[in-house]
Structures are given as C-alpha cells and as structure tokens.
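The block underneath contains the structure these notes are about, expressed in structure tokens.
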Amino acid sequence: MQITTQMRDGVRVISFSNPPVNALSIGAGLVSGLTEAVAAAIADSTVRAIVLDGGPRFSGGADIRDFDTAPEQLTVLRDLLTLIEAAPKPVVAAIAGLCLGGGLELALAAHYRVAHIDTRFALPEVGLGLLPGGGGTQRAPRLIGAAPALDLMLTGRTIGGDAALRLGLIDATTTEGAVLEAALAALAPGANAQPRPTGTRPAPADLAEALTAARAGLTPEQQAIIACVAMIGQGDLAAGLRFEAVEFATLLASDRSRALRHGFFGRRTVARVPGLRAAAAEIRRVTVIGGGLMGTGITTALLNAGLSVAIVEPDDARRAKAGAGIAKTIRRDAEKGRINAATAEERINRLTLAASIVEAAEAELFIEAVFEEIEVKRAVFAELDRVAPPGAILASNTSTLDLDVIAGFTQRPEQVVGLHFFSPANIMRLLEVVRGAATSDATLATAMGFAKAIGKTGVVAGVCDGFIGNRIFEEYLRQAWFLLEEGALPQQLDAALERFGMAMGPCKVMDLAGQDIGWNIRKRRAIEQPDRPYSRVPDLICELGRFGQKTCAGFYTYADGRTATPDPQVDALIVAHSAQISLPRREISDAEIVERCLLAMVNEGARIVGEGIALRPVDVDIVYLEGYGFPAGRGGPMFHADLVGLPEVLAAIRGYQGGRHGWAWEPAPLLEQLVTDARDFGALNQ
Ligand code: COA
C-alpha cells in the first residue's frame, strides 16, 4: 500500500496504490492514509483543488477481506467519503481501469469524475449478497436518476466509459494519454471548477416511478437496495446513509452473503495448489482428438478463448459435421449479438479439420476426447507419444477411466494430465484438472494456467472413479432414487431440492443429461460394486426406452422436447415397484429429501478430501457451484455443512446409518475426526 502526494499548480494530487486491484483496504491502512491526505489537503490553504488518482486501476472496491475481520470499521471508509464530499475545494477523481463497488462510491463522493474510456464501472455488491454500503444507494440515484442507478445496483452489471458518460455517472472521458492530465485540465483556473457534492442534490425526478416498477423474485439484497433508494424521498442524506449502513450490516451478517463471499474467494483459492511452484507454459495451439459432442464443445470453447485449434476426426462425414457444428455455434453468438460477425469469422478461421493426429501434430497441448473405452484410448495415446513434440502436454478428457493407466500407454507419463470438461464444454465453467500419479508439477501448473486462460475454473482432482464431481453426484443420486421407492415421486423430489436452491432436481438433471448415461454407469457398478446397490427405479424407466428429453420421455414427458410434465404412468410404475419389493410407501417430507441428498454429498465430499482427491473442502464447494447447479447463496455442500454444524451433520448421518441401506451412511473418517477435534471444514481451507 502506498500513498504519494504532489502539488501541480495549486492542485494536490493524491495518488494511491494497493495492488493488485487497489482495494480500498482498511486493514492495510489505505483508507486511513487517504483520510489523512485528504484532510491535510483541505487544511492547506495553498491547495486550491484535489485530485484522487488511482493510477492504472482506480479501484476494485472495498477490501472484501475487511468484511470478515472488522466489519464495524467500515464506518472509517464512510467517513472518508463524507469528508471528500464536504470538501470546500473541488475534488476530481481521475479514473482508469477498474471502478467497482467502493471504488465507484469513492468516485461518487468526489465532485467531478474524469475517466479513461476503457474503464469498467459497476456496483457489483449484489453478487456478494450485499448492497453498495459506501453511500452508493444514496448518491448514484441522485446523480444519474433512480431507474438507471437501480439497474446498475440490482444487476451488478459492468458498463464501459462511454455508457458511464451517457448516464452522467462521469463528466468526461479520455481516449489517450494519462487521465491524470485530463483531471488537472478540468481544474485549470479558467475551468472554474467548484465543489459540487452529489449527496445534497435533490431527489431524482423518476424516484417514485422507479420504485414502483414491478420486479419479481427479488433477493434479500435487492429488496434492501430498493428500501435504501426509497430513503432518498425523505430528502435527508445523513438519515439515508445511516439506513444504508444498517441494511448493509444486516446483509453482511447473513449466511447468504457469507456463502457468496466464500464462493468469491473459493474460485480464487482453487487456483492455488499448495507446494506447486512450477511456472505455467503458455498454450497457443491445441489439437483436440475426437469430433463427437465433447470434442466439438471443447474446440468451440478454445476458439472462443483465442486459441488455434485442430480437431482430429478420421471419419469424413463426422469430421464435416463437427466443423459445421462448431461454425454454427460460433455464428449463433454473432446472430444473438454477443460478438460481431467479423469476430465470429476470425474464430472460425482459427479452426483446422484434420483426418489424423499426424496432420495436426504441431501443438503444445493435445486433448483426447474419444470414446470412453480403454483400448481406444490406448491407440490414441500410443500415437500421441510417437508424434507429439517432446514438450507437449497430453491430456485426456476421460470421466470414468483410470488416468494412470492411460498415462502408462506413453513413455512420458509426467506430461499426461486429465482435463475433464463438462458438457456443453463451451458454456460450463468447471474444469477438473486431474493429477495422475506421475503428472509433473510443470504439467499441472500449465494445465491450471490453461484453465484460467480459457476462462474456466480449474479445480485439481486426484485419480479415482468419478473424480470429485461425479463421485459425489453418485451418492446424491443413490439417495434420490431410494427416496423414490420409499415414497417420494419425481415431482416432489425435484421440487424439494429446487426449493433448497438446486438449479434442477435430480430427475430433471438426468432427463436432460440422458438417462442412458446413468444406466450404463449403474450396469458397470452392479458388476464392480455388487455390495452397493441402487434402486431399480431409474433402470425401469430406461427399460421403457425413456431416456429423457432426447426421447421426449424420461421421469417426465416432454411434449416439446424441453418442458417437463409429470407423467402418471411413471408414478404408477414407481408405486408398483415399491409393492414388488414389498416396501410399504410412506409420506416423505421435503426436509428428509433435502437432508438425505445433501448429507450424502457432504459425507462423500469429506471422504474425497480425506483421501486427498480434493485439495481442500472449498475445492469440493467450487466444483458443485461451478458445475452442478448448487445454489451460490448456499456456498457449496461443505460450506453448508459447516453452517449446519458438523456435530449435527455427523449425528444425522449416524441416524441414517441405523436405517434402511445403512451401509451407504458409513461416516467419512475425516468428518469424525473434525467433530472429535471440534473443528470444521472451513479450518481446512486456510
Ligand atoms: N477485496 C479484496 N480482494 C480482492 C478484491 C476486493 N474487492 N477484488 C479482488 N481481490 C483480490 C482477489 O481475491 C485476488 O486475490 P489472490 O490473487 O490472492 O487470489 C486478486 O485480488 C486479483 O483478483 P482477480 O479476480 O484474480 O483478478 P482479475 O484481474 O481477474 O479481476 C476484479 C479483478 C477486481 C475485476 C475482480 O477481482 C472482482 O470482480 N473483484 C470484486 C469486485 C467487487 O465485488 N467489489 C465490490 C466490493 S464492495
């Protein structure tokens, strides 16, 4: 953290720097340093005006770490903003790079705002279950109108410098040169700049109308934002600011905000692999082997991320279909206005179609996405070993096979890694990076760097069947299907878990993914793990040829191929199955559905952490938040378990251990250990 000042023609330039994002940190002393500097400039009669200069990144906002360590100290930040706004000399914010959250609130407290056109502006606090607690709810509507300010605050969306100028959020933009010079020009003697506080402006003309606009399904933080904006109608800034501070404190203490902040830091924590010091090599050219659904999805993701990609598919018809499919997906983005047509064509031009690996042997990374059959993998990896350049990384997208066996097909197992993409790979953010027994640190570091470079959240997983995500999902589904034969019906099961917040209940998820996929896994499991049976319910559905959306029937029927309608025939089938296995059906509460499905996840998650398959509990949480539709406001299964309390979690698991299929409820050793030590999963994330 550093604050420097200089005098420029009677103007005190206060430059502040707190890398990497110039967070307005209380703990690191930035806020107190700025307060001193601003107070000194106000007191100094030789200073006629002040510039707040954040350098190339004005500010990424309040320091989110302060929220946990010393929430009460946030008043110090608010006092700084009040001091700036009330300054008897003009204060200009010189803005570049980032102007987010508390950073934008700092700019709003200044009297003028001059920004580089490429600056990104946002009030993203809703993403953390919070509201702009540094006067943003009071100042932004007064400056730009209630409706535009509510839009920014309720969505948290980012806008550029041109949009900010149009809204009146800033006074001027620069396109080249230092923004500091432009700020100084705004304070040149002839410009006649005067103090111009935002907070004392009258209520915006559209206040009443904007507040009554109908909005459905609001989160607690969105409701609180609206309540704060309504305070502007009373015309008393100080009262509005006090109200905002109270609302902010309430949200900050909520489980929901804690969960969202856990997710924010968790997404960054998973990128840190303890003990890994190797540098990541840059990847520019990638060869993807396999032109099926996964191969084309991966290829599309990589083209969108700016890489050059060759896709290898020996079958002529399949190769042509893959190429056409990729181009169509990319052009659809242009049709929807997400990118322009020239960008779409540039992306498509970086694609090469190849009939063999030899034709596409010039790459730094090879990603195999061929059929899930070990002999097919053997052929691919043996060939890759022969033709790939010496330093290249050989990756497998396998989700079910043993990566160490695959690595053994090559003479360079240290360069083999798993890259488990989720379908559709061009949309889903999660990427499990599987570290084999022989995977070198350099290979792992490059794979993690590659994940970041293509905009994915890479999570390191050890080798086991199902890695982190699918292994846990299997236990979740096992309970879901048992619940069906014990008394629940698909619509009740899904509704209970969706009310908890899951993006989709298990029956809908499997209908979407294709019931045949789960069926194949269960058939394999029946041979490998006969002692860990499943309910027959989903098999019975599959035996009717009901594979889900793709056959317009699964647990539900899909008249239009997409919309789920409960099917009495399925209900009857389930009820008949219970009778056949002589299981009296009983009333099952939604609470039991949620508890059993979640505890199954938590217990398996604890096992996975205990075995070292996941590096930390937070890695499990991020896999579930990013790849399995776990509700962001719940922070992931392990975070959720900490909130419930691990002694309670263990007691409930032991309770189920004494019931039907108790074998599935053997408590994970790590869970027992943590309870004995009176610790929680969070303690293992440090
Ligand atoms: N407070 C504390 N730390 C922050 C922070 C904040 N407001 N914003 C970013 N950081 C930290 C990150 O945790 C990360 O730390 P790490 O390197 O130890 O993991 C580091 O700064 C870099 O952030 P990262 O997100 O990896 O960099 P980026 O360049 O991709 O993105 C931002 C930068 C600012 C756009 C992004 O971090 C962001 O959106 N931050 C949150 C902004 C926000 O919500 N502000 C409102 C707070 S009230």
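The values are calculated or read from the model by the stated rules, or taken from the named source; none is laboratory data. Everything numeric in this text was worked out from a predicted model, so none of it was measured. Ideal geometry is used to build each Cβ from the backbone, glycine not excepted, and the neighbour counts take in all protein chains shown.
Among G518, G545, which is assigned to a loop (DSSP other than H, G, I, E, B), under 27 Å from F371 (Cβ atoms), without any contact (Cβ under 8 Å) to a residue 60 or more places away in the chain and not basic (K, R)?
G545
Taking segment 107-147 as the region of interest, how many residues are within 14 Å of the ligand (Cβ to nearest atom), hydrophobic (A, V, I, L, M, F, W, C) and farther than 13 Å from T200 by Cα?
Of the residues in segment 107-147, 8 are within 14 Å of the ligand (Cβ to nearest atom), hydrophobic (A, V, I, L, M, F, W, C) and farther than 13 Å from T200 by Cα.
Going by the conditions given, is F639 surrounded by 24 or more Cβ atoms within 10 Å (Cβ to Cβ) and assigned to a loop (DSSP other than H, G, I, E, B)?
It is false that F639 is surrounded by 24 or more Cβ atoms within 10 Å (Cβ to Cβ) and assigned to a loop (DSSP other than H, G, I, E, B).
For segment 378-396, does any single residue satisfy the condition of being touching a Pro at 6+ places or on another chain (Cβ under 8 Å), buried (at least 21 other Cβ atoms within 10 Å of the Cβ), within 24 Å of A453 (Cβ to Cβ) and touching a residue at least 24 places away in the same chain (Cβ under 8 Å)?
Within segment 378-396, none of the residues are touching a Pro at 6+ places or on another chain (Cβ under 8 Å), buried (at least 21 other Cβ atoms within 10 Å of the Cβ), within 24 Å of A453 (Cβ to Cβ) and touching a residue at least 24 places away in the same chain (Cβ under 8 Å).
Going by the conditions given, is R499 surrounded by fewer than 17 Cβ atoms within 10 Å (Cβ to Cβ) and of a type in the set (K, R)?
When the stated conditions are applied, R499 passes them.
For A182, only one of the following conditions fails: (1) out of contact with any Pro (no Cβ under 9 Å at 6 or more places or on another chain); (2) part of a loop (DSSP other than H, G, I, E, B). What is its number?
Against the list (1) out of contact with any Pro (no Cβ under 9 Å at 6 or more places or on another chain); (2) part of a loop (DSSP other than H, G, I, E, B), A182 comes up short only on (2).
Can you tell me which residue among A70, A110, A86 is of a type in the set (A, V, I, L, M, F, W, C) and modelled with pLDDT under 95?
A70 is the lone residue from the list that is of a type in the set (A, V, I, L, M, F, W, C) and modelled with pLDDT under 95.
Looking at (1) over 14 Å from T398 (Cβ atoms); (2) modelled with pLDDT of 95 or more, find the lone condition where N426 falls short.
(2)
Residues being β-branched (V, I, T), surrounded by fewer than 15 Cβ atoms within 10 Å (Cβ to Cβ) and assigned to a helix (DSSP H, G or I): count how many of those fall in segment 576-598.
Final tally of qualifying residues: 0.
Of all the helices (runs of 4 or more DSSP H) wholly in segment 29-102, which have at least 1 residues that are of a type in the set (S, T, Y) and within 16 Å of the ligand (Cβ to nearest atom)?
64-69, 74-85
Considering only residues of segment 261-290 that are in contact with a strand residue (DSSP E or B) (Cβ under 6 Å, 6 or more places away or on another chain) and farther than 13 Å from K452 by Cβ, which is nearest to the ligand (Cβ to nearest atom)?
If we take residues in segment 261-290 being in contact with a strand residue (DSSP E or B) (Cβ under 6 Å, 6 or more places away or on another chain) and farther than 13 Å from K452 by Cβ, then V286 is nearest to the ligand (Cβ to nearest atom).
Residues in segment 1-20 that are aliphatic (A, V, I, L, M), modelled with pLDDT of 95 or more and surrounded by 14 or more Cβ atoms within 10 Å (Cβ to Cβ): how many?
4
Considering only segment 164-175, state which residues are surrounded by 15 or more Cβ atoms within 10 Å (Cβ to Cβ) and either part of a loop (DSSP other than H, G, I, E, B) or out of contact with any Leu (no Cβ under 8 Å at 6 or more places or on another chain) (or both).
A164, L165, L167, L169, I170, D171, T174
Suppose we filter segment 305-345 for residues that are outside any helix (DSSP H, G or I), more than 16 Å from I367 (Cβ to Cβ) and among the polar types (S, T, N, Q); how many remain?
Number satisfying all stated conditions: 1.
For segment 354-377, enumerate the residues that are crowded, with 19+ Cβ neighbours inside 10 Å and not in a loop (DSSP other than H, G, I, E, B).
A354, A360, L365, F366, I367, E368, K377
Output the residue which, of all residues in segment 407-426 that are part of a loop (DSSP other than H, G, I, E, B) and in contact (Cβ under 8 Å) with a residue 60 or more places away in the chain, is surrounded by the most Cβ atoms within 10 Å (Cβ to Cβ).
So, considering only residues that are part of a loop (DSSP other than H, G, I, E, B) and in contact (Cβ under 8 Å) with a residue 60 or more places away in the chain, the one surrounded by the most Cβ atoms within 10 Å (Cβ to Cβ) is A425.
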